[in-house]
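Before any comments, here is the structure.
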Amino acid sequence: MTPSHPNAATTLSLSKIMLGYNPRRYFDRKKHEDLVASFRLRGMLQPMLLRPAADVDDTYVVVAGGRRYRAALEAFGPEGEVPVVIREMTDQEALEAAIDENDNRDDASETEQADAAVRVLAACQNDRAEAARRLGWSQSKFDRRLALANLSDAVKLALDERRIKVGHAELLAAIPADKQDKALDTITASGLDVGKTRDLLMRVTQDLANACFDKTECMACPFNSGTQRALFETHVDEGHCTNPGCFQLKTEAIEKARIEAQERAAAAAQAEAADRQADGDDGEAAPDADELANTDDDGDGAASRPGVRATAVAANRSSSGAIVKPAARADGATVSVKSIAGRTADLREATWRTALARGLADNPSHAHAAILVAGLTGTLAQIKPATLTSRAGLLVSPSFPDLSFGEKIEGIRALSDAQAATALAAIAAAYARDVQSFAHVADLARAFAIDIRHGWRVDRSFLERYTKDELKFIAQECGLIAHLGEKAFAKLLASKKADLVAGMLNAVGFDWTGRLPSGMTLDGKYGPPPAPLRAEADRGVSAIAA
């Protein structure tokens, strides 16, 4: 039977109808049974929307009404007659009608909307603004639903069945798909709420502040928690990598390059020494890296003079309050605060910049003050253009970079107070990372009481930067030698460097948490753990002992 009026309601045998695309992923069994019972009692009251099948004569495809079709088959059998509306439609029109019909129902799930977002975005040639318009969604809703498309099938089903909450799903969407199922098992088996799930994920993420590699690519990476923060209400702290596999590969690549560079430098030094010995050159040797590090900013070697060195030593005290004296190295040079700092200048600067950026991002008042200072001192322009333009789509809307300048102004005016605060925080954080003078970073960090001891920790990669004499210096100022005793540490110091580092990190009863070596501080003075951290550590040791 072929209706003469395509848009008119008529009846059609179920045998001539087949399912088409349906955004619906999950069908509640109880609701299905209720609908079957209703059909048997009253018949189908609302017609299904169909369109002619493209390649099968006298057959029609369901556009909207897949749930009704399934219930009608069970209630009436394939020969049953049901009310339908038949309409000529393109694939795109059918897709949008199916999505709209499901989206307007109260029980449409977030994962069904995520799948719909993916399909419509593809149909719109990846134009996010157009896809959101066609769906009738706000841009923020479209972006949130699209991000949920990264969920594994098992997690999507768990959300559909409401075994987990949307907050769980938003957290899981931030980790690689191959890790999501295992995390889901842990959540459901242990009955973890959203807050505890977030805490669990925080423990397995990597702090980007501790990364030794170039983090340029990380800024736009979907596994950067900052990206999730811009999308979801529930997210891990900003500045964390939720893809530990990628983080490890990048770290290993940098470490390999560092070791190779050290080996090349050592080989070159040995070759030069051999050449000098062969030539009978008994002249003064060139200064090494530590001697260069001990040169003051004017390059006149003031730091190596007795008076200046005595001042640096007096400023350095161990955790017990005793003065940490410079340690003599095997080559006759002296280990000092400045030589220690020279080993870690790159890490020190990167860590403080990241800590300041995070502090400004989390405090709108501080961010506002930092932006005003930067603007009024003429240094705001030092922010690299790509730093912010790469995130403008997340901070405002995906279409923002492509808008005219006037449209950009309207887009900014349309931001809520919270969105505007987030955008300002991003600008302040970008300034902390890009401003050329580290002195500016240090001054801002002091003004806003930024403390890196909460997010930074002495680890293997840090200690491996130093010689044995320098490690002894660090152990003394941080209180490890006082903890172990002079003899025990001397025995440890006599071992191979790798064993020395391992012994320092794994010393029984000694906690490195919150201890900040002088080489990592802004004033060149050792930073002991804050009082709350020391109290917490004492309670932890007491609990273990009990």
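The values are calculated or read from the model by the stated rules, or taken from the named source; none is laboratory data. Note that the structure is a prediction, hence the values are computed from the model and not measured. Neighbour counts run over all protein chains shown; Cβ positions are idealised from the backbone, glycine included.
Residues that are loosely packed, with under 15 Cβ neighbours inside 10 Å and of a type in the set (A, V, I, L, M) were ranked within the range 434-489; the one that is farthest from residue 387 (Cα to Cα) is 488.
Among the residues of the range 375-396, those that are in a loop (DSSP other than H, G, I, E, B) and small (Gly, Ala, Ser) comprise 378, 390.
For the range 458-468, what are the residues that are more than 13 Å from residue 255 (Cβ to Cβ) and in contact (Cβ under 8 Å) with a residue 60 or more places away in the chain?
The answer is 466, 467.
Annotation note: of 513, 467, the sole residue that is under 33 Å from the mean Cα position of the chain (by Cα), on the phi < 0 side of the Ramachandran plot and among the hydroxyl-bearing types (Ser, Thr, Tyr) is 513.
Taking the condition touching a Lys or Arg at 6+ places or on another chain (Cβ under 9 Å) and under 21 Å from residue 367 (Cα atoms), does residue 426 pass? Yes: the conditions hold for residue 426. Within the range 429-450, is there a residue that is under 30 Å from residue 145 (Cα atoms) and assigned to a helix (DSSP H, G or I)? Yes, the range 429-450 contains a residue that is under 30 Å from residue 145 (Cα atoms) and assigned to a helix (DSSP H, G or I). For the range 468-500, a residue qualifies if it is in a helix (DSSP H, G or I) and polar (S, T, N, Q), and exactly one does: 476. With the requirement that a residue be closer than 17 Å to residue 186 by Cα and among the hydrophobic types (A, V, I, L, M, F, W, C), what does the range 116-165 give you? Result: 151, 154, 155, 157, 158, 159, 164. Every condition in (1) modelled with pLDDT of 85 or more; (2) of a type outside the set (A, V, I, L, M, F, W, C); (3) not in a helix (DSSP H, G or I) is met by residue 181 except one, and the failing one is (3).
Sort through 388, 424, 372, 444 and tell me the only one that's modelled with pLDDT of 85 or more and under 22 Å from the mean Cα position of the chain (by Cα). So that I can check it myself, show each step before the final result.
On the way: 388 fails: modelled with pLDDT of 85 or more; 372 fails: under 22 Å from the mean Cα position of the chain (by Cα); 444 fails: under 22 Å from the mean Cα position of the chain (by Cα).
Residue meeting the stated conditions: 424.
Every test in (1) farther than 30 Å from residue 198 by Cβ; (2) in a helix (DSSP H, G or I); (3) modelled with pLDDT of 85 or more is passed by residue 122 save one, and that test is (3). The set of residues in the range 353-398 being over 23 Å from residue 413 (Cα atoms) and loosely packed, with under 14 Cβ neighbours inside 10 Å consists of 376, 377, 378, 384.
When residue 180 is tested against the conditions (1) surrounded by fewer than 22 Cβ atoms within 10 Å (Cβ to Cβ); (2) within 19 Å of the chain's Cα centre (by Cα), the lone failure is (1). Every condition in (1) more than 30 Å from residue 131 (Cβ to Cβ); (2) modelled with pLDDT under 85; (3) outside any loop (DSSP other than H, G, I, E, B) is met by residue 82 except one, and the failing one is (2).
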